[in-house]
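Report on the following structure.
The values are calculated or read from the model by the stated rules, or taken from the named source; none is laboratory data. Just so it is clear, the model here is predicted, and its values are computed rather than measured. Quick reminder, even Gly has a Cβ in these numbers, built from the backbone with ideal geometry, and neighbours come from all protein chains shown. The accessibility values were calculated without ligands, DNA or RNA, using every heavy atom of the protein model including side chains. Shrake-Rupley method; radii C 1.70, N 1.55, O 1.52, S 1.80 Å.
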Amino acid sequence: MKLGLLVGSLCAINSLMYAELLVVKRVGKEFKPLVDPSDEANKTAIANIMLNYEWPMVIANTALTKEEQNELLTSGKSNVEEEFIRAKVKEIDPSYDVVFIPTSLYELFVISFYRKNPQDPLNVANFDLLHLKKVTNSYGQIMLSSILNITHETSQVIESKIFDIYKENNNIFYPDAFFYINNALLARIFSYYPMFADSSDINALTDELKNRSTNFAARLILAIDSSSLKRMKREIDPKDASAAIKSDGVLAKVITLEYEARAANKALLFRGTSRMQTEKSDTSKDKLVLMGNVLRTGSTVLESYEARNLPYSISFGNSLFAGWFMDSGEYGACAYQYLISQGGYALFVDKKYYIKNKLMGPSTLDLFFIAPLAPLAALFTSGEYFHSRSKAVLPLKEMGKGNDVKGLADQFIDPHGVLTVIRDPFVHAQLFSKYLAQNMRIISRGDESNLTEQEKKVYEEKKQQEEQHIKSSQKELAQYYAGMRFATTAAQKIKQKILEKREQEKKEAVAAPVQAQESQEVK
């Protein structure tokens, strides 16, 4: 069995997507930001609720009970997270409520709103983050390698140490910067759409925001400074707000997917990536179109078998704009930069399943490490560990020896399986490809708003065909890896028999002269 050499480049970054909840107050018949002194006194309690129960910070909540897991994280139930957190904030003040907003919009507001004012709580938090030497370097990078190298502690202790790093980063922004942005964003929404404050109930307010989400995104883009617009590769005519979001189409597609994930109570992983093409076999020139691969394959069974001993980890950012301020350069890790230039895909993730198997889980789908970093903190952090990753496969656990993982700059041991998983590499690659085929949505670039109805129909049909072809390619790749697993196992058995035969022949060759001498002496 042979898979043709991969052609084309793979330049990509993924992002884990989730949604933000804004805390609002009902005063008479109106909704208002939390601006009263009593609200200020409650900000720490509100922030603690968000840090303990909002995704992905809930990942680090080791005190989460099974009942809370079932209520908060079960897939297939719409609006679950906001209902759960709504009940919690109402225990603080019955007039409090929560409003759902896509994280991409939340981040876009922060980008448009942030100014380096010394008194600005967000700027104070950013300054504190950059000087948190214990868990970051001078560039705001989260570091994990020293913890991953610990061999004498239990997995639970290592998990706690890792979570503490993310919690300490989150705590820099909570409660002050979080509370500041919460109220500033609500004020911006109510200034743009005064009718929102008079919504009949909280669900109506959420629905109204959904209906105007792309318009709101366009207005936020118009408020961004010129340097940030340049990084977004946008030339904006202030007289045409709609053009601000239509130019590449990515942001609008991401917003739609975030609302879809809300209805299913799932998280989303986003990957901006170029598409790889590979020939099916030696005899077939048909192409497989691939969107991700956790194993570097060779052109022969032997090459693939040898290459599989090099662990490989794909990066996944924690949101669309995570790393925007510190990691969005040409080789940065901000997912948006890749999506607008290359397109990519989205993966739906079962929250409860991940929580149950987040560290050394028994699951065959133990494929990811998801960083429990709040989006507000993630905007200002950088490096290889502020975002999420696919786990790198190790065919054998080699205690005391550093693992050289492709995709990561530093070596680590990782005996507890935080970033690595111990299984047959071809099984790992098979599971990953199958997961993509079952949970993937393609995100293509381009503005579709100006198409006629007939053109839209043709475009949708073409897009569905393309997505189906890519999913089929991932399924075929999974089948290939299954075959490779058996082929290499058989090859290893044959190789072992050959080695044993050669060893026996050597022994016989050495023994032959001795036996001849003994025979001569007897004569």
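Worth a mention:
- Residues of the range 194-222 satisfying the condition of being part of a helix (DSSP H, G or I), touching a strand residue (DSSP E or B) at 6+ places or on another chain (Cβ under 8 Å) and either more than 13 Å from residue 256 (Cα to Cα) or at pLDDT below 90 (or both): 196, 197, 198, 202, 205, 206
- Filtering the range 1-38 to residues that are at pLDDT below 50, over 29 Å from residue 385 (Cα atoms) and surrounded by 13 or more Cβ atoms within 10 Å (Cβ to Cβ) leaves 1, 2, 3, 4.
- Leading residue by the ranking (farthest from residue 260 (Cα to Cα)) among those in the range 223-236 that are assigned to a helix (DSSP H, G or I) and within 27 Å of the chain's Cα centre (by Cα): 227
- Selected residue (only one of 91, 107 is over 15 Å from residue 379 (Cα atoms) and not in a loop (DSSP other than H, G, I, E, B)): 91
Residue-by-condition table, conditions (1) open to solvent by 10 Å² or more (accessible area, probe 1.4 Å); (2) in contact with a Lys or Arg (Cβ under 7 Å, 6 or more places away or on another chain); (3) modelled with pLDDT under 85:
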{"position": "343", "(1), (2), (3)": "no, yes, yes"}
{"position": "349", "(1), (2), (3)": "no, yes, no"}
{"position": "356", "(1), (2), (3)": "yes, no, yes"}
{"position": "367", "(1), (2), (3)": "no, yes, no"}
{"position": "371", "(1), (2), (3)": "no, no, no"}
{"position": "381", "(1), (2), (3)": "no, no, no"}
{"position": "385", "(1), (2), (3)": "no, no, no"}
{"position": "388", "(1), (2), (3)": "no, no, no"}
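- Test result for residue 169, surrounded by fewer than 21 Cβ atoms within 10 Å (Cβ to Cβ) and modelled with pLDDT under 95: no
- Pair list, Cβ < 7 Å and 6+ apart or interchain, from the range 407-420 residues that are outside any loop (DSSP other than H, G, I, E, B) to residues that are not aliphatic (A, V, I, L, M): 412/145; 412/149; 412/402; 412/403; 420/311; 420/391; 420/403; 420/414
- Subset of the range 370-392 (residues that are of a type in the set (A, V, I, L, M, F, W, C) and in a strand (DSSP E or B)): 392
- On inspection, residue 184 fails the criterion of being open to solvent by less than 30 Å² (accessible area, probe 1.4 Å), farther than 28 Å from residue 381 by Cα and either touching a Pro at 6+ places or on another chain (Cβ under 8 Å) or not aromatic (Phe, Trp, Tyr) (or both).
- Of all residue pairs spaced 6 or more apart or on separate chains, those with beta-carbon atoms under 6 Å, a first member in the range 47-64 that is under 15 Å from residue 169 (Cβ atoms) and a second member that is open to solvent by 10 Å² or more (accessible area, probe 1.4 Å) and not in a loop (DSSP other than H, G, I, E, B) are 57/51; 60/163; 60/167.
- Among residues of the range 448-496, those that are of a type in the set (A, V, I, L, M, F, W, C), surrounded by 11 or more Cβ atoms within 10 Å (Cβ to Cβ) and either modelled with pLDDT of 70 or more or farther than 27 Å from residue 435 by Cα (or both), counted: 8
- Residue check for residue 124: within 29 Å of the chain's Cα centre (by Cα), farther than 23 Å from residue 204 by Cα and in contact (Cβ under 8 Å) with a residue 24 or more places away in the chain: yes
- Annotation note: Cβ proximity below 7 Å between a residue of the range 229-240 that is closer than 21 Å to residue 337 by Cα and at pLDDT 75 or above and a residue that is open to solvent by less than 80 Å² (accessible area, probe 1.4 Å) and of a type outside the set (A, V, I, L, M, F, W, C) (sequence gap 6+ or interchain) occurs for 231/328.
- Residue count for the range 87-121 under the criterion of being free of Cβ contacts under 8 Å to residues at least 24 places away in the same chain and within 29 Å of residue 67 (Cβ to Cβ): the result is 4.
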